[in-house]
Amino acid sequence: MIASEVRALFAVAARPEVVSLAGGMPNVSALPLETVSAVTADLVLREGAVALQYGSAQGVASLRESICDVMALEGIAARPDDVVVTSGSQQALDLVARIFLDPGDTVVTEAPTYVTAINTFAAYQARIAHVPMDGEGVIPEALSAVLARLRAEGRAPKLFYTVPTFQNPAGVTLSAARRPRVLDVCRRAGVLVLEDNPYGLLRYDGEPVRALRADAARGHDVVYLGSFSKTFAPGLRVGWALAPAAVRDKLVLAAESAILSQSPFTQLAVDRYLRTQPWQDQIKAFREMYRERRDAMLDALAAYMPLGVTWTAPAGGFFVWATLPEGLDAKAMLPRAVAARVAYVPGTGFFADGGGRAHMRLSFCYPPPERIREGVRRLGDVIAEETRL
Ligand code: PMP
């Protein structure tokens, strides 16, 4: 396990004069804090003996029911029994890696992919094989070719890890036409799909797409990861895995040895919130706020980026993926950007193979629209300066 090379710069990026387009923190100040306070206070008063006691490693049954209602919004029909509640979806990712991966195993992922997933697979000494994406998400023919090549090399992978909707970091969504093809390619190759979907409900425009898990030919083709971090609050650390029974049983055993019991307190707080509050209205409010920020970023990019810079236009989620003109290096440029009071994440962290130098991830979730505009303006100046060097 190694620390990210850019972590030191993030301390600098946290200074108030720096516009940070780096972090992916949800904007929890948009939550109705009085309501959350009332829900948790009531929980302690009425159910304190349960909420403050040890619980099970699989998670509170009533929350697992509520989670099935949340997943139904993306077309998934699931049984509460097949849900394992975890400490954020991050823990689900870790537990899946723990039960499936042996040192030297290969995991297939999109390129670029979620940085912490790379780190988690690396912690279990797995190797990563990337598959390229385009504007419609991962390319099924390329996926098929990578799986065939790995098999021919005697490295048949166990998992295809994918963030199909509003991907972190690329902001790209796997098209509806490609979804069945991706499932089919993996099913034929005997590779389990690990679908990580924390952003699916944060759609700002376009038609909703169904989760991959919703249309899997067999329930055991996909392990699905979900989270309340973006639709409610990341500080509660409540996420989940929906898994076929055999995998679910191992996840529960792995969770037991990792943490004994999930926190009944935070799970019951989320469950009460879902059962007593208009949570879908809150998601709508989040969507409106983030849509305005997404639009501010896209408008500012169009206004301030020098010729030759390109970027994705995400229909949801938190991230825009920008590509610099030939010859520029986003990682080498970062200290100069921070000196100009703007920060981003260089693309290299999202590749396991040293790729990504010409790319950067720009988040629009946290700063308000006018700060986003200012940050992009500063970044445009830095890139323009760089192209003159
Ligand atoms: N997967 C992806 C793609 C993410 O972007 C994140 C959050 N940054 C996570 C998983 C982890 O989320 P959680 O807070 O549920 O652990």
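The values are calculated or read from the model by the stated rules, or taken from the named source; none is laboratory data. As the structure is a computational prediction, the values presented were derived from the model and not from experiment. Heads up, the Cβs are rebuilt from the backbone with ideal geometry, glycines too, and the neighbour counts pull from every protein chain shown.
Residue-level check: of (1) in contact with a helix residue (DSSP H, G or I) (Cβ under 9 Å, 6 or more places away or on another chain); (2) under 22 Å from GLN167 (Cβ atoms); (3) surrounded by 16 or more Cβ atoms within 10 Å (Cβ to Cβ), PHE319 misses just (1). Remark: pairs (first residue in the range 8-25, modelled with pLDDT under 85; second residue within 16 Å of the ligand (Cβ to nearest atom); Cβ separation under 6 Å; 6+ apart in sequence or on different chains) = ALA13/SER20; ALA13/ALA22. Given the residues ASP215, ASP184, which is the only one that is of a type in the set (Asp, Glu) and closer than 24 Å to CYS68 by Cα? Sole residue among the options that is of a type in the set (Asp, Glu) and closer than 24 Å to CYS68 by Cα: ASP215. Check whether at least one residue in the range 172-186 is within 15 Å of the ligand (Cβ to nearest atom) and either under 21 Å from ARG127 (Cβ atoms) or part of a strand (DSSP E or B) (or both), and report yes or no. The answer is no; no qualifying residue exists.
Residues that are within 23 Å of GLU17 (Cα to Cα) and out of contact with any helix residue (DSSP H, G or I) (no Cβ under 8 Å at 6 or more places or on another chain) within the range 322-339 comprise ALA332, ALA339, listed in sequence order. For the range 251-269, residues that are of a type outside the set (Val, Ile, Thr), out of contact with any Gly (no Cβ under 7 Å at 6 or more places or on another chain) and buried (at least 17 other Cβ atoms within 10 Å of the Cβ) total 7. Figure legend. Inter-residue proximity from the range 323-337: first residues over 13 Å from ALA13 (Cβ atoms) and surrounded by 17 or more Cβ atoms within 10 Å (Cβ to Cβ), second residues at pLDDT below 95 and among the acidic types (Asp, Glu), beta-carbon distance below 6 Å, spacing 6+ or different chains. Indicated pairs: LEU328/GLU386; MET333/GLU386. GLY137 fulfils the conditions (1) buried (at least 21 other Cβ atoms within 10 Å of the Cβ); (2) without any contact (Cβ under 8 Å) to a residue 24 or more places away in the chain; (3) small (Gly, Ala, Ser) except for a single criterion, (2). For GLY200, the requirement of being touching a residue at least 24 places away in the same chain (Cβ under 8 Å), within 16 Å of the ligand (Cβ to nearest atom), surrounded by 24 or more Cβ atoms within 10 Å (Cβ to Cβ) and assigned to a loop (DSSP other than H, G, I, E, B) is met. Take the conditions (1) under 21 Å from the mean Cα position of the chain (by Cα); (2) in contact (Cβ under 8 Å) with a residue 40 or more places away in the chain; (3) more than 16 Å from the ligand (Cβ to nearest atom); ALA216 misses just one of them, which is (2). Can you find even one residue in the range 37-53 that is farther than 30 Å from GLY375 by Cβ, without any contact (Cβ under 8 Å) to a residue 40 or more places away in the chain, surrounded by 13 or more Cβ atoms within 10 Å (Cβ to Cβ) and within 21 Å of the chain's Cα centre (by Cα)? Checked the range 37-53: no residue is farther than 30 Å from GLY375 by Cβ, without any contact (Cβ under 8 Å) to a residue 40 or more places away in the chain, surrounded by 13 or more Cβ atoms within 10 Å (Cβ to Cβ) and within 21 Å of the chain's Cα centre (by Cα).
Which residue is farthest from ALA122 (Cα to Cα), if the candidates are limited to the range 321-357 and must be in a helix (DSSP H, G or I) and among the aliphatic types (A, V, I, L, M)? Applying the filter and picking the extreme gives ALA339. Out of all the residues in the range 70-91, is one or more touching a strand residue (DSSP E or B) at 6+ places or on another chain (Cβ under 9 Å), touching a residue at least 24 places away in the same chain (Cβ under 8 Å) and closer than 24 Å to VAL146 by Cβ? No: the range 70-91 contains no residue that is touching a strand residue (DSSP E or B) at 6+ places or on another chain (Cβ under 9 Å), touching a residue at least 24 places away in the same chain (Cβ under 8 Å) and closer than 24 Å to VAL146 by Cβ. Among the residues making up the range 26-47, those that are within 16 Å of the ligand (Cβ to nearest atom) and either part of a loop (DSSP other than H, G, I, E, B) or modelled with pLDDT under 90 (or both) are PRO26, ASN27, LEU31. Among residues of the range 156-180 that are of a type in the set (Val, Ile, Thr), those with a beta-carbon under 7 Å from a residue that is in a loop (DSSP other than H, G, I, E, B) and modelled with pLDDT under 95 at least six positions away or on a different chain give the pairs THR165/VAL209; THR173/VAL209.
If you check ALA8, ALA22 for being part of a helix (DSSP H, G or I) and either of a type in the set (A, V, I, L, M, F, W, C) or under 23 Å from the mean Cα position of the chain (by Cα) (or both), only one passes: ALA8.
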